[in-house]
Amino acid sequence: MAKKLKILIFPDPRLRKVANKVVKFDKSLQNLANDMLATMYDANGIGLAATQVDYHIRLVVMDISEEKNDPKIFVNPAYKVLDDYKLFEFEEGCLSIPGFNEIISRPDKIELIWQDLSGKEHKDCPEGLLTVCIQHEIDHLDGKLMVDYVSSLKRDRVRKKLLKDFKRK
C-alpha cells in the first residue's frame, strides 16, 4: 500500500540538490513512484519530482487528467526544445511553494526522452499542459524552482512568507 511522503517546502536547501540518474530499476523504484503518486494526489497536485520528497533521483510522476485517473511516471526524463517553438505562458503553482502562483514562459514544443519503471526508453513530443508540467518537474530535478523565474524581490517576499508560516506551525 502506498504511503504519503513529506513534501519539502521552499526555502529548504534540499530542493536545490541536483538529482542523480536512476540506474537500478527494481521494486523499490516502483514503490517510490507509487508513494509519490499517492502524495501528489493527496496534495491535489498534478506533478511531483522525487527531489520534492527528499529522494535525489531523476524520477517524476504526474497526472494532468481532470478525473485523476491517468498517472504518468518518467524515469531519467530529459528534453530538448524543438526549433519551431514559441514561448507559452502558463500560471504555474508548486507543491513546494504553497500559495504562490506565477505566470511562467516556457517553450511550447519539446522532444521528451525518458525511461519507464522497467528501464525501457521512450520518446514523445508532448503538448499543452503536459509540456509545461514536464519542464517544471525537470527543473526540480536540476535544483531549479519556479521562484527562480521571478524577480529577487518577489522571491525574497515568498521566502519570508513561507518561513513565517513554518514558524507559526
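Computed values, structure above
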quantity	calculated
Equivalent ellipsoid, the chain (semi-axes from 5 times Cα gyration tensor eigenvalues, Å)	24, 21, 14
Relative exposure of Met36, Met62, Met146, judged by other C-beta atoms within 10 Å (fewest first)	Met146, Met62, Met36
Under 30 Å, Cα to Cα: Lys pairs in the stretch 102-167, sequence gap 8 or more or different chains	13
Residue-averaged [θ]222 nm for the chain, counting only DSSP H segments that reach four residues, each worth -39500 (n - 2.57)	-9000 deg cm²/dmol
Modelled FRET efficiency - R0 35 Å, Leu153 with Lys6, Cβ distances, 0.05 increments	0.75
Packing-based exposure ordering (other Cβ within 10 Å, fewest first) of Phe100, Phe166, Phe74	Phe166, Phe100, Phe74
Those aspartates and glutamates that a straight Cα-Cα span of less than 15 Å connects to Lys24, excepting residues fewer than 8 apart in one chain	Asp116, Glu121
Residue with peak Gaussian network fluctuation, the chain [Cα springs, cutoff 10 Å], from Lys123, Lys144, Lys109	Lys123
Packing-based exposure ordering (other Cβ within 10 Å, fewest first) of Leu141, Leu15, Leu130	Leu130, Leu15, Leu141
Backbone N under 13 Å from the Cys125 label point (7 Å along Cα→Cβ), restricted to the stretch 72-101	80-86
Loop-located GluC sites (Glu not before Pro) in the stretch 46-128, at most 13 other Cβ atoms within 10 Å (DSSP)	Glu66, Glu67, Glu127
9 Å beta-carbon shell around Ile138, net charge (K/R +1, D/E -1)	-1
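FYI, it's all coordinate maths here, none of it is from the lab. A quick note: this is a predicted structure, and the numbers were derived from the prediction, not measured. Note: ideal-geometry Cβ built from the backbone for every residue, glycine included; neighbour counts use all protein chains shown.
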